[in-house]
Each structure stands twice: as structure tokens, then as C-alpha cells.
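The values are calculated or read from the model by the stated rules, or taken from the named source; none is laboratory data. For clarity, every value in this text was computed on a predicted model and none was experimentally measured. Backbone-built Cβ (ideal geometry, glycine too); neighbour counts: all protein chains shown.
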Amino acid sequence: MKTAYQYRLRPTKNQSAQMETWLELCRRQYNYRLWERFNWWDSNRCPINACPLVTSIAPLADQPEYYGQKRDLVQTKVKYPEYKEVYSDVLQDVVGRVKKTFERFIKGDSSGKRSGKPRYKPSSRYRSFTYPRMKVNCIVGKYINLPKIGGVKLILHRPIPDGFVIKTCTLVHKPDGWYVMLSLSDKTVPTVSPDINMEKTVGIDVGLKDFLVTSEGVVVPIPRFARRSEKRRKLLNKSLSRKRQKGTRRRQKAGKKLSKHYQKVARQRKDFHFKVAGQLLKQYDVIAYEALNIKGLCQNEVEQVDSRRRMGRIH
């Protein structure tokens, strides 16, 4: 069984500055390794309708591969000494991220579905780095021991379950501070309790007008957190758009306020989902639901509105 726990970190000023430096160095390394793969991709392909017939064929460039890019990290540390301060496993995980995202673009995932073309990451889109291996007893009291960073204080709001082992550790920089995501694993299979009362059975129907409707007639309305805070969002967006010069502190402050606003709305939705699910689990032993394509329903609704608008029924 695998699960993940998230905890809030309380690093010191020096630790926070060190983690931000690591994050920026990892972002640059990610963009460089992605450029190497794009350079190979562009130099070894030619469109059929524009293939040159007179010029000689250029020799094929060597394809950057996972282990080759990992070995090249040694030369990176020699050329740029600041990379020596970053833990080696963290840098190797950056190469793994590039490998995964590029292979999904070229080959597709396990089901054959290809992703879009990877993009170079600006500072606003690269917000985490990962320790792929962690010691078993890395959490001591209220501190978590991170290699080359030291003991960082964390808010342990819930203990790690017995039998679970910490596999990976991801540090995420969110608008309100640093968080740690722990990937936990337990090889034992949990036993399912056979004491199920079939009389406590309910069916739920997820809709567009209401959040859900149960088979007993209970209607849970949509909370509309984003709509309620739309006025605040418009003010923050307007404040950000007025500060047109990028890179200034005033613009960074305005962007941080807007990010915190979106984070608050996301947390309100998540809290609402957990509370509704908790109420259903407390009342019923068996819950049946229909696997609906919500995105398809929304798309059909938009297409119907557009068609009626074109016909002149909606003004």
C-alpha cells in the first residue's frame, strides 16, 4: 500500500535561502537537459515535404540518454562550482524528470497516450525538488533531517502510521511557505472488515446544478467558492496588471497576493470535498456512484449554449 503525507515546514532564514537557491539551480539544470534533448530531436528529423535533395546528409547527433546526462553532472559541477552544494540525488532526480516528460512527448505513457510538447520552466512553474532516497529514521521529534540542509522544523499534525516506510521526500515551495511531501509505503496488504451492513447503502449522482444528490433525496449544493471571491480576485488581478515592469518587487508582491488567493479557493474546495465524503462514510457502509465524464458534460453544455446563441435564442 502506498500513500503520501504533507506537512508544513518552518525553516530558518538560512535554510529557506538555501532551499530557494537549490530550487533555482535545479530549474536551470532542468531547462538545460531539456534543451539537449530538443537539440537532438530537431537536428535528427526532417519534414518529408522539405527534405533537401542536393545537399549532403549531416551525421546524426548522439541521442542524450538518462545515464549519459547523469554522468555529465560531474562536468557541470566542475564548470559551475555552485552545483557542488546541491545534494547529488536531487540533481539526478532532475534528469529523471526530464527523461519522463520527454518520453511521454515522444512515445506516450503506458496506455499509449502522448503528452504535449514539454516547456521550459520559468521560476513560477518550477516549485519543487525531490530526495529520491530517505533514511528510515529521518524524522526525529519535530524535525526532519534533510541531507546537506540539516534538521528542518516541521508541523507534525498527524503521526506516520505504523509499518509505513518513507521512500521519497519532495520539498514544495507554495505561496505561503515551504511544505514537505512524504511518499510512504507498506508492503503488507490491509485486511478488509467483513462487517458491512447492506441496509446502509446509498447511491449518489454528481451533477452540474448541484454538487451531488443521494438516492434518499438529499441535495448537496455547489458551494461556489470562486464566485463568492470573484470581486477580490478582480481587484488583485487589476493590481497586478498595473505593475507592468516584470521582475520588480512590487509586481512580485502583487503576484504573491494573487497566488495566495487562488490557494485559498483551492483549499476551500478540498476541505469541502473531504467533509462531504466524511459525512457519507459515517452514515453508510456501501456507496454506489456512476462514473461520469464531467469534462464531456461541461463541453456538451457549452456547445449547446453556443449553438442556441448562434440561432438567436440567447442574447
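Values as computed for the structure displayed
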{"quantity": "Long-range neighbours under 6 Å by Cβ, at least six apart or interchain, first residue without any contact (Cβ under 8 Å) to a residue 24 or more places away in the chain and under 10 Å from Arg269 (Cβ atoms) within segment 216-228, second assigned to a strand (DSSP E or B) and acidic (Asp, Glu)", "calculated": "none"}
{"quantity": "Where Ser215 falls short, out of the listed (1) under 30 Å from Asp162 (Cβ atoms); (2) surrounded by fewer than 13 Cβ atoms within 10 Å (Cβ to Cβ); (3) in contact with a strand residue (DSSP E or B) (Cβ under 6 Å, 6 or more places away or on another chain)", "calculated": "(1)"}
{"quantity": "Options Gln268, Gln279, Gln252; residue that is modelled with pLDDT under 90, out of contact with any Ser or Thr (no Cβ under 6 Å at 6 or more places or on another chain) and either of a type outside the set (D, E, K, R) or in a helix (DSSP H, G or I) (or both)", "calculated": "Gln252"}
{"quantity": "Filtered residues of segment 100-111 (kept if polar (S, T, N, Q) and not in a helix (DSSP H, G or I))", "calculated": "Ser110, Ser111"}
{"quantity": "Unique residue being within 21 Å of Val86 (Cβ to Cβ) and surrounded by 12 or more Cβ atoms within 10 Å (Cβ to Cβ) when the list is Leu171, Leu184, Leu156", "calculated": "Leu171"}
{"quantity": "Which numbered condition Ala4 fails, given (1) outside any helix (DSSP H, G or I); (2) crowded, with 17+ Cβ neighbours inside 10 Å", "calculated": "(2)"}
{"quantity": "Failed condition for Ser229, given (1) surrounded by fewer than 15 Cβ atoms within 10 Å (Cβ to Cβ); (2) within 30 Å of Ser123 (Cα to Cα)", "calculated": "(1)"}
{"quantity": "Single residue of Arg97, Arg114, Arg133 found to be outside any strand (DSSP E or B), free of Cβ contacts under 8 Å to residues at least 24 places away in the same chain and either farther than 14 Å from Arg33 by Cα or not aliphatic (A, V, I, L, M) (or both)", "calculated": "Arg114"}
{"quantity": "In segment 82-94, the residues that are outside any loop (DSSP other than H, G, I, E, B), in contact with a helix residue (DSSP H, G or I) (Cβ under 6 Å, 6 or more places away or on another chain) and among the aliphatic types (A, V, I, L, M)", "calculated": "Leu91, Val94"}
{"quantity": "Residue match in segment 84-96 (condition: more than 30 Å from Pro161 (Cα to Cα), of a type in the set (D, E, K, R) and over 18 Å from the mean Cα position of the chain (by Cα))", "calculated": "yes"}
